[in-house]
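Structure first, then comments.
Bear in mind these aren't lab numbers, they're just calculated from the coordinates by the rules spelled out. None of these values were measured; they are calculated from a predicted model. For neighbour counting, all protein chains shown are included, and Cβ atoms are generated from backbone atoms with ideal geometry for every residue, glycine included.
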Amino acid sequence: MSSAPSSSKPNAFAIVTIAALIVVHELTVYADLRYASATRVITPIEQMVHSVLEMAPVMGFAIVCLAHPDAVFSVFSNAADYAARPRTPPLPTATVAVVLVLCALFGVVPYAMELLVCMRAAREQTRAGRLV
């Protein structure tokens, strides 16, 4: 009976995937800010929230790269492992739950606040259009 190889460490696939998602995230931030700044005033508080949201994935990636330099270097080797495998052993349910709650708190809540600000700005523009 053979067991599956342990994949509790990130491999080249994980490093490249995270890097690609950061690029997609930055492009989304650029498009969002370009649109928002053309349609309404972006307050200093909102800019600060955006800077945290923008840098969080980059800092997480940096921590992963610093903790697993072998995975980073493997990206540039001929023997790079690009197989997508689930983590073995899986993370405890409590850990996954805490991470999901924190993502909701620090990811979804700020975006919901942004949506409310945008909806308020759209309402004000509509009212201003009616009054003119």
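Using 0.36 nm per residue and subtracting the Cα-Cα separation, the extra length available between Ser77 and Ala104 on full extension is 6.0 nm.
Subtracting the Cα-Cα distance from 0.36 nm times the residue separation, let me have the gained length for Thr43 to Ala112 in nm, one decimal.
Contour length minus Cα-Cα distance gives 23.2 nm.
Comparing Tyr30, Met55, Val72 along the charge dipole axis of the stretch 1-89, the residue lying farthest to the positive side is Val72, per the Cβ-charge model. Considering helices alone, the calculated mean residue ellipticity of the chain at 222 nm is -23500 deg cm²/dmol, with DSSP H runs of length four and up weighted by -39500 (n - 2.57) and normalised per residue. Against the main long axis of the alpha-carbon atoms of the chain, helix 109-131 sits at an angle near 20°. Over the C-alpha atoms of the chain, the Rg to Rh ratio, Rh being the Kirkwood estimate, stands at 1.13.
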